[in-house]
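Report on one structure; see the data block that follows.
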Amino acid sequence: MSLATKLSLGIALLVTVSVGSVSLLAFTVSRRSLREQALSANLTTATLAARAVEQYIADAANIMREAPGQSKLGQEVRRENWPEASKLLEDFLRNFTQFDSVFVRDPQGIIRARVPHAEAVGEDFSFWDFFREAMRTGRLHISGVHVSKADRRSVVSISVPVLDGDNIKGVLVGALSLGRISQLISMIGREDRSVVYVVDGEGLLIAHSGGARAGLPEDMKARPIVQAVMAGKSGTMEFREPDRGESLLGAYVLIPRLGWGVVATKPIWVVYAAANRLGRWLLWMALGCTAAAVLFGWGLARTWTGPLLRFSEPAAGDPVIRVTAESRDEQAVLAPSFNPMAEHLQESYRDLEREITESKQTEEPIWHDLERVKALHEIDLAITSTLDLRTVLDVLLGKIDSLLPYPVSTTVRLRNRDTGELEPISCLNLNEAVWKQPEWKSGRGLTNVVAETRIPLVAENIYTDPRVRDREFFRRYNLVSYLGLPLMAKRELLGVLSIYRKEEHRFTHEEVEFLSTIAGQAAIAIQNSQLYEETKKQAVELEKSNKVKSEFLSVMSHELRTPLNVVIGYAGMIKDGMFGEINPEQEEGLGKVLKQANDQLTTINSILYATQLEARAIIVDRYPVMLTDFLNNLRSDYDAPLDKELTLNWDYPSELPPVITDSEKLKHILKNLIDNAIKFTERGNVTLSAQYLPQANSVEFKVTDTAIGIPKESLSVIFEKFHQVDSSETRSYGGVGLGLYIVKQLTELLGGHVGVESELGKGSTFAVTIPYEKPVSQDISEKN
Ligand code: ADP
């Protein structure tokens with residue numbers, strides 16, 4: 001919702017509420033005052049009417065009161081001269097027209113004279129109250145409304161006794177014209193829709209401003225206002241007409257002397273008509289005010305918000321808004337101070353723009369450099385993330401293609417190291433099959449020039465360049481310009497990267513430089529992947545030859561062992577004299593044959609064992625071993641005297657803990673070490689020691705000798721296959737360099753490790769450590 005809408009609605013709401021409430025108040029007040037006015041007017045009317053009626057009755061009563069005394073009528077009645085009296089009655093009626101009829105009764109109530117309706121003479125009227133009252137009191141009596149027997153009309157009778165001394169000679173009765181009373185009160189209650197009526201003490205209608213009603217007197221008792229006046233009170237009230245249901249405002253006034261009541265009423269809708277008119281008028285006014293307020297609010301809001309809105313609509317080409325002082329209000333005051341501010345702002349804005357443009361210009365090269373570094377970094381990451389030559393080249397060509405702002409075709413030729421030829425390897429945006437056709441296989445023209453010169457080559461237009469020898473290739477692909485870059489790594493030419501365009505284009509110095517950097521990086525990646533390929537090839541070949549060697553060794557060992565065993569067997573049998581007596585020389589000779597053959601067998605066994613180890617065909621079989629028994633057993637193998645000045649020492653505690661291990665393998669290890677020590681020691685000591693190391697949770701075996709020792713540089717290699725310390729001295733001891741290899745392999749199979757400490761000329765110590773695994777007692781008892 002816009003500010004203008006809000007403002008206009010707000011003002012409209014404010015105006016509507018205030019005008020509405022004022023109107024409502026005025027309406028209510030006017031209704032109340034109209035009501036008050038009507039009630040008081042009614043009261044006035046009723047009071048006036050009551051007085052008039054009272055006066056009228058009093059006048060009539062006076063006439064009646066005086067008639068018997070002063071006129072001849074009284075005398076004639078006293079004389080009971082009825083015919084004369086009748087005549088006098090006629091005169092009376094002529095004089096006093098307020099009476100409808102007048103008659104005389106005798107003390108018994110019989111009518112003696114009557115005007116008009118003389119026919120009623122002789123009728124007995126003694127039952128009438130008004131007659132009896134006058135007879136009883138001897139004074140004037142005014143009756144309530146009753147129906148005249150003679151003409152069946154409602155009448156009020158004034159009765160006055162005709163006295164003769166104290167005797168009542170008759171009663172003179174005058175029937176008062178109710179029509180006259182009605183006329184009287186209608187003259188007072190003339191207001192629009194006002195009704196004035198008079199009721200007697202019984203609530204019967206005597207007179208009505210709407211005219212006398214014919215027939216029987218109307219009973220008005222049902223009306224609450226009549227009941228109030230019958231109760232002897234005067235006042236005002238609002239009530240509802242019982243028959244028509246109309247609401248009326250009324251006033252009632254009692255005429256005490258007569259016991260009659262006068263009522264003046266007015267319909268409430270008549271009273272409120274003016275107020276309702278006012279109400280309608282106020283409603284229209286409120287609506288008008290609301291509409292005016294909406295318009296006014298809108299207009300006002302537009303005046304206020306107009307300048308604000310203009311802030312958002314700067315003039316074309318001018319980003320700064322200015323306030324135009326169209327009015328003479330605060331805006332006009334604001335304009336002079338605001339506009340200079342706007343000018344200033346505009347100037348600052350222009351300065352800022354200028355600065356930004358300048359800084360952009362200075363930043364441009366930096367930005368370029370940054371872009372390049374980013375691109376180089378990306379290429380670097382991509383081509384170094386793989387060692388696959390094909391992938392490296394694909395990434396390289398793809399990156400160049402996406403980096404250059406114009407379409408290019410790219411190729412990579414790599415130099416065959418054997419032939420020196422540039423061979424097509426990879427291309428982009430060219431038909432690879434065609435490009436690799438034999439006719440272009442060796443790379444001609446410009447590519448060879450780049451390979452020869454090893455510097456970048458730019459050809460703006462191949463068709464005009466004299467260096468181009470063969471244009472066929474370019475023609476076929478509609479290629480026009482060329483950039484060739486040598487792929488160099490560690491000063492070696494690996495190949496040539498070529499970039500072709502279909503338009504004439506001179507590659508700028510910047511472009512050449514940038515692409516050369518990429519080519520340099522790519523060359524390193526290419527070289528790495530070439531080396532990797534070679535290594536892979538070598539590894540495969542090596543594995544192949546290793547396998548062949550292992551197979552050869554295995555076969556050879558078997559082939560050698562069988563005949564050797566035959567040789568040893570027969571030599572032993574001959575030596576033992578099983579084929580006849582032999583002389584001592586023969587026996588000695590046979591002894592040497594047997595020793596050499598046994599050594600040979602040991603060597604063959606070693607080769608076979610090493611081959612098996614390599615093929616992972618040796619299986620470790622662990623079980624609880626009582627170490628002391630194991631060592632005692634080993635010791636017994638060396639009981640035979642040695643043909644050297646050498647002492648074999650056994651240094652181990654008598655109570656070594658049992659351990660879970662493969663005793664066969666352990667024995668093989670220790671025997672190899674002891675045999676080596678004996679082999680390389682001419683004189684001195686060879687000691688085998690064993691100890692349990694609880695802290696390291698292991699068992700350590702050491703073989704120490706006082707032999708020739710091993711040079712430091714050889715310590716790291718003696719455990720390798722076929723490795724011997726290369727000295728003429730060692731050579732003389734024989735062996736193939738497999739003993740320590742087997743020791744190391746077996747120790748590792750047992751989960752341990754082997755180490756050596758040695759000093760040249762003094763001796764060596766080989767230490768084998770295996771993990772100590774304590775057997776559960778059940779295992780030991782089972783095994784033992
Ligand atoms: P070989 O069959 O030659 O003994 P080994 O693998 O057992 O093969 O030993 C490798 C080389 O380590 C030996 O040729 C020898 O030079 C050196 N060597 C091994 N044990 C000793 C030792 N106790 N004292 C000196 N040199 C040793």
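FYI, it's all coordinate maths here, none of it is from the lab. These numbers come from a predicted model, not from an experiment. A quick note on method: Cβ atoms are made from the backbone with ideal geometry, for glycine too, and the neighbour counts reach across all protein chains shown.
Say R0 is 45 Å: what FRET efficiency, to the nearest 0.05, do Ser247 and Asp164 get from their beta-carbon distance?
The formula returns an efficiency of 0.20 here.
Rounded to the nearest 0.05, what FRET efficiency do Thr453 and Asn416 give with R0 = 25 Å and r taken as the Cβ-Cβ distance? Could you check?
That pair, Thr453 with Asn416, gives E of 0.85.
Mind ordering 575-587, 113-125 by average Cβ neighbours within 10 Å, highest first?
Taking the mean over residues of other Cβ atoms within 10 Å, the ranking is 113-125, 575-587.
Through the Karplus equation 6.51 cos²θ - 1.76 cosθ + 1.60, θ set to phi - 60°, convert the phi angles of the range 534-543 into ³J(HN,Hα) values in whole Hz; use x for Gly and Pro.
4, 4, 4, 4, 4, 4, 5, 5, 4, 4
Label Asp675 and Trp284 with points 7 Å out from Cα along Cα→Cβ: what is the distance between them in nm?
Output for this residue pair reads 13.8 nm.
May I ask you to compute the full-extension gain from Asn649 to Asn339, defined as 0.36 nm times their residue separation minus their alpha-carbon distance, rounded to one decimal in nm?
100.3 nm
Under 5 Å between amide H atoms, partner at least 5 residues away or on a different chain: which partners does Glu421 have, H built in plane at 1.01 Å?
Residues meeting the amide H criterion: Asn416.
If you count, for each residue, the other Cβ atoms within 10 Å and average over each peptide, how do 238-246, 746-754, 47-55 line up from highest to lowest?
47-55, 746-754, 238-246
Rounded to the nearest 20 debye, what is the charge dipole size of the chain about its Cα centre when +1 sits on each Lys and Arg Cβ and -1 on each Asp and Glu Cβ?
So the dipole magnitude of the chain works out to roughly 5600 debye.
Straight-line reach from Lys679: which lysines have a Cα under 17 Å away, not including same-chain ones fewer than 8 places off?
Result set, ordered by chain and number: Lys595, Lys644, Lys671, Lys702, Lys762.
How about Lys149: which aspartates and glutamates have a C-alpha closer than 17 Å to its C-alpha, ignoring those fewer than 8 places off in the same chain?
Within the straight-line cut-off, Lys149 pairs with Asp100, Glu119, Glu123, Asp124, Asp129, Glu218.
Run the simple label-point estimate for Leu642 and Glu460 please: 7 Å along Cα→C-beta, distance reported in nm.
The answer from the label model is 9.1 nm.
Could you work out how much longer the chain between Arg139 and His377 gets when fully extended? Use 0.36 nm per residue separation minus the Cα distance between them, nm to one decimal.
Contour length minus Cα-Cα distance gives 71.3 nm.
Under a crude label model (7 Å from the Cα following the beta-carbon direction), how far is Arg475 from Ala58 in nanometres?
15.3 nm
What is the gain in length, in nm to one decimal, between Leu715 and Ser21 on full extension, counting 0.36 nm per residue of separation less the C-alpha to C-alpha distance?
Separation in residues times 0.36 nm, less the Cα-Cα distance, equals 238.3 nm.
Pull up the cross-link candidates among the aspartates and glutamates for Lys744, meaning alpha carbon to alpha carbon under 16 Å and not fewer than 8 places away within one chain.
Glu614, Asp662, Glu664, Asp675, Glu700, Glu720, Glu757
What's the ranking of 641-653, 293-305, 664-676 by average number of surrounding C-beta atoms within 10 Å, highest first?
Answer by packing, highest mean first, reads 664-676, 293-305, 641-653.
Considering only Leu249, Phe552, Asn339, whose Cα is most displaced toward the positive end of the charge dipole of the chain, charges sitting on Cβ of Lys, Arg (+1) and Asp, Glu (-1)?
Comparing the listed Cα positions along the dipole, Leu249 ranks first.
Please arrange Val625, Val620 by how many other C-beta atoms lie within 10 Å of their C-beta, fewest to most.
Exposure proxy ranking, most exposed first: Val620, Val625.
Step through the residues of the range 445-461 one at a time and calculate ³J(HN,Hα) from phi using the Karplus curve (6.51 cos²θ - 1.76 cosθ + 1.60, θ = phi - 60°), rounding each to whole Hz and writing x for Gly and Pro.
x, 4, 4, 5, 4, 4, 5, 6, 7, 6, 10, x, 10, 10, 10, 6, 9
Grab the beta carbon distance between Trp304 and Val270, set R0 = 60 Å, and tell me the FRET efficiency rounded to 0.05.
Efficiency, rounded to the nearest 0.05: 0.75.
I'd like the Karplus ³J(HN,Hα) series for the range 412-422: coefficients 6.51, -1.76, 1.60, θ = phi - 60°, whole numbers in Hz, and an x wherever there's a Gly or Pro.
10, 10, 10, 7, 6, 5, 7, 8, x, 7, 8
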